[in-house]
Amino acid sequence: MKFFAVMLSVLLGAFPPVVASEKLNPETLVTFQSHPRVLAEEAQRLQALAEVERERAALYPRLTFTTDGGTQLFGNAADNQARSLGDNEYLAGILTANQRLYEFGATNARIESAQLVASARALGPDIALNQLISEAVRLAREAATRRLSIEIAQGTLGGLSVEIERAELRFQQGIEGAAEARRLSLRADDLDRQILSDQEVIRSVEASAVEQFSVSLSQLEALHLALLNTADPTGNTTL
């Protein structure tokens, strides 16, 4: 589960100098670690650790200090006797210490429960980071798929235009009817619409990259390639 987070840490230390014909911007990596979702998980982790310490505090002595000038300790001195004389029988303050001796393990149970919660919360930042990188990789792969689709469609259109011209020539010479030329023209129209659709998806992906990560799509693609080029100690070559 921590693969993405480990790879990101490696990249933060030393990322490839040239990735996808451009340098990988270090701010791209920092963006993921400072993303609001990661920071929110980190805040919950720290809160869980503080809860453990709060539960542990019940095991320690509790000291309280209160001021009470009306508590008489001994003697029968007058109430208007000045305190500065040094022999006043009234207390200026009371310090109290309380220590819980035995409670049938209730505090230890609460501490153990808080520790388990803290252990679970400790996974939160890594999980959020992995999810963010997964989403970034998905955007990068979507853009790459759409670009490949456009390339294939444009290549097909190049060959298809030649076939349309030949079909129209055969029709003009009376060798065959107009159905073949019409069919090829409709196919060309479908490819044109597919190219426009793919281009629109790429623009949408570019907007999503800026909206979700505050970086350009090209930087997400560079990060994707950097992750692919980073050695995986498990031997797994896929993301």
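Read-outs throughout are calculated quantities, based only on the coordinates presented, and are distinct from any laboratory measurement. Note that the coordinates shown come from a computational prediction; the quantities given were computed from them, not determined experimentally. Reconstructed Cβ throughout: ideal geometry from the backbone, glycine too, with neighbour counts over all protein chains shown.
Simple rule: put +1 on each Lys or Arg Cβ and -1 on each Asp or Glu Cβ in the range 129-239, find the dipole, and look at L132, G177, I195; the Cα lying farthest toward the positive end is G177.
For the range 91-162 versus the range 30-61, the spacing of their alpha-carbon centroids is 14 Å.
For the range 116-203, the extents of the C-alpha atoms along the principal axes are 84, 17, 16 Å, listed from largest to smallest.
Magnitude of the charge dipole for the range 117-173, about its Cα centre and with charges confined to Cβ atoms of Lys, Arg (+1) and Asp, Glu (-1), is about 160 debye.
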